[in-house]
Amino acid sequence: MTRGFSRLRREDLLKTACEVIAEQGFGHTRTLDIARAAGVSQALLFYHFETKERLFAQAFAYAARQHSDAIAKIENSPHPPSRRLRDLLRLCSPGSSASGWRLWIDAWSESMRNPELEKISRVLDMRGRAVLRDIIAAGVACGEFACADPDAASWRIFALSDGLAIQLHVHHKLISRRRVSELVRTAAAAELGLDGPLL
């Protein structure tokens, strides 16, 4: 019972840490900010996570697990490749969850200086691209898509999505969410030999 409660408490603290970091950034977030948002003492945070760096790394790992679990549901879905592709692009859309994208963008920047964050970020990126590549390959195999190099296509689609996410969330008035979504869907359709943008 105590162990189960402790695990739930850690999950709650990690969720709150993600929310605070997404709002304030890794560089401006203090453990005091997270403790206040969670309604706990800093001592409890350090009891669970020992250091600020470990708390930040585990918070990002928690967010990455949530995203990875959502990707796994799409990967294991019985739907045809075209439907799984739409679901994956919707999940990873630059126009979705502003707080989530702020966390990822900030984590990419921190990853250049923090090996633990870099590893988590790299593994998640590789996972997403591998699932996209396999969906494209499955679509080619069943005749839904026409693509000579699914691996290269997956790199280009996610690179465009990541780049547009930065433009959308860093330069707020430069481009709309709707336009960003349209650009990603149109580019994906072109990569896969489809006549119009994915809906």
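The values are calculated or read from the model by the stated rules, or taken from the named source; none is laboratory data. Remember, it's a predicted structure, so these values are computed and weren't measured experimentally. Backbone-built Cβ (ideal geometry, glycine too); neighbour counts: all protein chains shown.
Does region 97-105 include one or more residues that are outside any helix (DSSP H, G or I), in contact with a helix residue (DSSP H, G or I) (Cβ under 6 Å, 6 or more places away or on another chain), surrounded by fewer than 19 Cβ atoms within 10 Å (Cβ to Cβ) and not charged (D, E, K, R)? So far as region 97-105 goes, no, none of its residues is outside any helix (DSSP H, G or I), in contact with a helix residue (DSSP H, G or I) (Cβ under 6 Å, 6 or more places away or on another chain), surrounded by fewer than 19 Cβ atoms within 10 Å (Cβ to Cβ) and not charged (D, E, K, R). On inspection, residue 168 does not qualify as over 30 Å from residue 52 (Cβ atoms), in contact (Cβ under 8 Å) with a residue 12 or more places away in the chain and assigned to a helix (DSSP H, G or I). Residue 129 fulfils the conditions (1) assigned to a helix (DSSP H, G or I); (2) over 12 Å from the mean Cα position of the chain (by Cα); (3) modelled with pLDDT of 90 or more; (4) not aromatic (Phe, Trp, Tyr) except for a single criterion, (2).
Cβ separations smaller than 8 Å between residues 6+ apart or across chains give no pair from region 130-158 residues that are at positive phi to residues that are at pLDDT below 95.
Might you check whether a residue that is farther than 15 Å from residue 85 by Cα, among the acidic types (Asp, Glu) and within 19 Å of the chain's Cα centre (by Cα) occurs anywhere in region 149-164? Yes: one or more hits.
Can you name the residue in region 50-109 that is among the basic types (Lys, Arg) and farther than 19 Å from residue 123 by Cα and is also farthest from the chain's Cα centre (by Cα) among such residues? Result: 52.
Filtering region 106-128 to residues that are buried (at least 16 other Cβ atoms within 10 Å of the Cβ), closer than 22 Å to residue 155 by Cβ and of a type in the set (D, E, K, R) leaves only 127.
Inside region 14-32, residues that are modelled with pLDDT of 90 or more and under 17 Å from residue 64 (Cα atoms) make up a count of 8. The condition of being over 30 Å from residue 183 (Cβ atoms) and touching a Leu at 6+ places or on another chain (Cβ under 9 Å) holds for only one of 43, 61, that being 61.
The single condition from (1) more than 17 Å from the chain's Cα centre (by Cα); (2) assigned to a helix (DSSP H, G or I) that residue 113 fails is (2). If only residues of region 171-182 that are part of a helix (DSSP H, G or I) and not polar (S, T, N, Q) are counted, the one that is surrounded by the most Cβ atoms within 10 Å (Cβ to Cβ) is 180. Check whether at least one residue in region 133-152 is modelled with pLDDT of 95 or more, assigned to a helix (DSSP H, G or I) and touching a Phe, Trp or Tyr at 6+ places or on another chain (Cβ under 8 Å), and report yes or no. The answer is yes; a qualifying residue exists.
Rundown of residues vs (1) surrounded by 13 or more Cβ atoms within 10 Å (Cβ to Cβ); (2) on the phi > 0 side of the Ramachandran plot; (3) polar (S, T, N, Q); (4) assigned to a loop (DSSP other than H, G, I, E, B), yes/no style:
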residue: 11; (1), (2), (3), (4): no, no, no, no
residue: 20; (1), (2), (3), (4): yes, no, no, no
residue: 28; (1), (2), (3), (4): no, no, no, yes
residue: 37; (1), (2), (3), (4): yes, no, no, no
residue: 40; (1), (2), (3), (4): yes, no, no, yes
residue: 47; (1), (2), (3), (4): no, no, no, no
residue: 57; (1), (2), (3), (4): yes, no, no, no
residue: 77; (1), (2), (3), (4): yes, no, yes, yes
